[in-house]
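Novice: Handing you a structure now.
The values are calculated or read from the model by the stated rules, or taken from the named source; none is laboratory data. Predicted model only: the values in this text are computed from it and were never measured. Methodologically, a virtual Cβ is constructed for each residue, glycine included, from the backbone with ideal geometry; neighbour enumeration extends over all protein chains shown.
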Amino acid sequence: MSEIIGEKAEKLRSVPTCKVQGTCAAGSRRGYVCLCLAAVAVILLAAPALADDTGSRYMAGSPELSAHIAGTNQFSPGDDLNVPIAIENSGTNQFKIVKSTIIDPGDLSNTAKQLTVSLGAADAPLLVKSDPQLVGDLGASSSVTATFHITINQDAPAGTYNLPVSLNYTYLYAANQYGTDTLSYTYKTVNQNVTVPIEIKSDVQITVMSVNTQDLNVGNEGYVTLSLRNTGYEDGRNAVMMIQQPAQSPLSPTEGSFFIGDFPVGAVANCTFRLMVSDDAQQKTYPLDVLVNYKNSDGVYVNSASETIGVPVGGKIQFIVTPVTATMSPGAKSVITVTFRNTGSATAYNAQARISAVDPFTSNDDTAFLGTMAPGDIRQASYEVALDSGATVKEYGLDSEVMYRDSLDNEITSDPLKVNVQVVPSRTIVNVLGLPGLLGLIVVIGILASLGYFVYSRRVRNQ
């Protein structure tokens, strides 16, 4: 500005002086005219300099970007989460040119334009599931956050890892002015790589070595024994092994925790749990979640990541009945014998078979003891049943069921079983011989009676 004003003053000195005859004495008419003309010349020459701040340009500036994780950078093996990466621009402009003939550029040289952020894994034991993100323009003294979805490996070793962050952007490198109304922009593309540190904490990790079941069948309660190893990087104290029911699984723990105490790295623990299998399950393998609660090196109780295992479930204890061959007549009393077979895959203990005698049947002895029935065993049960005299001749179905105890002494009732009983007409002589047979029998009796009378008569006359 001082150089421009000095240039204007030099021009002012070269302006011709007033061509007025006589001296320009102060207070004289001629002196007043000379002073006015000189003042006008100074104003005209100085006016452009006074308006120089209407155009300006910053030079020798560029973006200065850095990155860090917003929030905690400590994670645990198995974590699946979103990580916010904050990018800051601390760039400055070192020089500013101000001149009336300068056109203001639309961009500043320290603005990172069209900034794209990418996150990599490098040698860290994790997976980055997000694509590079376009976060837009980032001006000086500003920050922006890009969020990335990552998954830490379940068996990730503890330690500190540096994740590479790639920053791709352009900035105004130069702005050349042509004339008083034209600017030519030159942009420069930058690929900047920075790193952000993360810490994977030491953790107890469990690996299930073996799974063994005992009497675990559909509709029954049984046991599952697990052998587990600490394959993590921290010793667990006051450890308690636990099992949990996953969604939609028919396995529900009835005793779902097992105290194992100290659980150092590499140690193996054998834990037995009690499970109930729902009645609508099938004979197949179902999922079960396993985890350990322990005190870590900071003295805080935490849960390990859960591991899902498969638990085989045996078939349901089932029974079938052999069709009843005995028949009954209205008004009669009879003993019905029913054969029961255990077609399931587990043993039924202290089994009892019960029959439901409903109208027109009655019974004072509707329960029979079958005893312990292993898979494939057969037992017979007999019931004394009376039939009402007004019963309709047809086939009836009587309900029966088997009540038994499983290996854990839980009382269970089988599905209903149908016992079919055929009711037939009462055995009368007409029903046995039929009408023609009855008539024949009457004729035979008549003939025999006549012969007897004839013999008797002759004996009487002979006497």
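Novice: If I filter the range 355-382 down to residues being of a type in the set (V, I, T) and modelled with pLDDT under 90, which single residue comes out as nearest to the chain's Cα centre (by Cα)?
Specialist: Checking each candidate, the answer is V358.
Novice: S297: surrounded by 12 or more Cβ atoms within 10 Å (Cβ to Cβ), of a type in the set (S, T, Y) and at pLDDT below 95, yes or no?
Specialist: No, not satisfied.
Novice: Might you let me know whether the range 119-134 holds any residue that is at negative phi, in a strand (DSSP E or B), among the small types (G, A, S) and assigned by TED's automatic domain parsing to the domain that holds H68?
Specialist: Looking for residues that are at negative phi, in a strand (DSSP E or B), among the small types (G, A, S) and assigned by TED's automatic domain parsing to the domain that holds H68, one finds none in the range 119-134, hence no.
Listed here are the residues, each with its yes/no results for (1) of a type in the set (V, I, T); (2) at pLDDT 95 or above; (3) exposed (fewer than 13 other Cβ atoms within 10 Å of the Cβ).
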{"position": "Y185", "(1), (2), (3)": "no, no, yes"}
{"position": "S202", "(1), (2), (3)": "no, no, no"}
{"position": "D215", "(1), (2), (3)": "no, no, no"}
{"position": "V240", "(1), (2), (3)": "yes, yes, no"}
{"position": "F273", "(1), (2), (3)": "no, yes, no"}
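Novice: Using the structure shown, decide if S356 is small (G, A, S), without any contact (Cβ under 8 Å) to a residue 60 or more places away in the chain and loosely packed, with under 15 Cβ neighbours inside 10 Å.
Specialist: yes
Novice: Working only within the range 126-141, note down all residues that are of a type in the set (G, A, S) and touching a Ser or Thr at 6+ places or on another chain (Cβ under 9 Å).
Specialist: Residues satisfying the conditions are S130, G139, A140, S141.
Novice: Look through L81, L65 and report the one residue that is closer than 21 Å to P157 by Cα, of a type in the set (A, V, I, L, M) and at pLDDT 75 or above.
Specialist: L81
Novice: Can you tell me which residue in the range 139-158 is nearest to the chain's Cα centre (by Cα), limited to those that are over 27 Å from Q74 (Cβ atoms) and either hydroxyl-bearing (S, T, Y) or crowded, with 17+ Cβ neighbours inside 10 Å (or both)?
Specialist: S142
One line per residue, one yes/no per condition, for (1) within 19 Å of L387 (Cβ to Cβ); (2) free of Cβ contacts under 8 Å to residues at least 24 places away in the same chain; (3) surrounded by 19 or more Cβ atoms within 10 Å (Cβ to Cβ):
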residue	(1), (2), (3)
I317	no, no, yes
I320	no, no, no
T327	yes, no, no
V335	yes, no, no
F340	no, no, yes
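Novice: Take I412 and decide whether it is within 23 Å of L216 (Cα to Cα), in contact (Cβ under 8 Å) with a residue 60 or more places away in the chain, in the same structural domain as M328 (by TED's automatic domain parsing) and part of a strand (DSSP E or B).
Specialist: Against the criterion (within 23 Å of L216 (Cα to Cα), in contact (Cβ under 8 Å) with a residue 60 or more places away in the chain, in the same structural domain as M328 (by TED's automatic domain parsing) and part of a strand (DSSP E or B)), I412 qualifies.
Novice: Take the residues of the range 394-409 that are in a strand (DSSP E or B) and surrounded by fewer than 19 Cβ atoms within 10 Å (Cβ to Cβ): which is nearest to the chain's Cα centre (by Cα)?
Specialist: The residue in question is R405.
Novice: Might you let me know whether the range 110-117 holds any residue that is over 16 Å from A67 (Cα atoms), among the charged types (D, E, K, R), assigned by TED's automatic domain parsing to the domain that holds N82 and modelled with pLDDT under 95?
Specialist: yes
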